[in-house]
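The values are calculated or read from the model by the stated rules, or taken from the named source; none is laboratory data. Everything numeric in this text was worked out from a predicted model, so none of it was measured. All Cβ positions, even for glycine, are placed from backbone atoms using ideal geometry, and neighbour counts span all protein chains on display.
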């Protein structure tokens, strides 16, 4: 039962951590970010299982994390008010060619990074963007002006 409790705490910690870190970092993993995720995974595993290397411990910890993920997904689906907490909300970064500096700052996103993402979407100028939205996945969607 101790492993189940620790796995539940680890799940909540990881959920909180992903909300604090922000979407931009999760949407574009650099090599350092990938290494940090691996290290975090190892640290969480040590905290959850301690020195329990049994198959039973594996099944309890893995099953708890999986059930909590399914529960969070179901709660997000069933209760609209929980979606911003569990999934986050899309954030508008550009509106009618005008940068929304407050939203860029809130997501720690620079104008240069936004322009680079626009270029990757064959948009040569932010002025030509009707909407740019930072999605909950960390990707930026661009809707060009007509």
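A quick yes/no check of all residues on (1) within 30 Å of residue 107 (Cβ to Cβ); (2) modelled with pLDDT of 85 or more; (3) touching a helix residue (DSSP H, G or I) at 6+ places or on another chain (Cβ under 7 Å); (4) part of a helix (DSSP H, G or I):
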site: 12; (1), (2), (3), (4): yes, yes, no, yes
site: 19; (1), (2), (3), (4): yes, no, no, yes
site: 29; (1), (2), (3), (4): yes, no, no, no
site: 43; (1), (2), (3), (4): yes, no, no, yes
site: 62; (1), (2), (3), (4): no, yes, no, yes
site: 76; (1), (2), (3), (4): yes, yes, yes, yes
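Working only within the range 132-143, note down all residues that are surrounded by 16 or more Cβ atoms within 10 Å (Cβ to Cβ) and under 11 Å from residue 92 (Cβ atoms).
Within the range 132-143, 132, 133, 134, 140 qualify.
Have a look at 104, 67, 82, 93 and point out the one that is assigned to a helix (DSSP H, G or I) and touching a strand residue (DSSP E or B) at 6+ places or on another chain (Cβ under 7 Å).
104
Being exposed (fewer than 14 other Cβ atoms within 10 Å of the Cβ) and touching a residue at least 40 places away in the same chain (Cβ under 8 Å) is the filter here, so list the residues in the range 91-118 that pass it.
As a first pass, look at the range 91-118 and keep what is exposed (fewer than 14 other Cβ atoms within 10 Å of the Cβ): 92, 96, 98, 101-102, 105-106, 108, 110-112, 116.
Scanning the range 91-118 gives 92, 96, 108.
Does the range 116-130 contain any residue that is part of a strand (DSSP E or B) and touching a strand residue (DSSP E or B) at 6+ places or on another chain (Cβ under 9 Å)?
There is at least one residue in the range 116-130 that is part of a strand (DSSP E or B) and touching a strand residue (DSSP E or B) at 6+ places or on another chain (Cβ under 9 Å).
For residue 57, state whether it is surrounded by fewer than 15 Cβ atoms within 10 Å (Cβ to Cβ), in the same structural domain as residue 7 (by TED's automatic domain parsing) and part of a helix (DSSP H, G or I).
No; evaluated as a whole, the condition is false for this residue.
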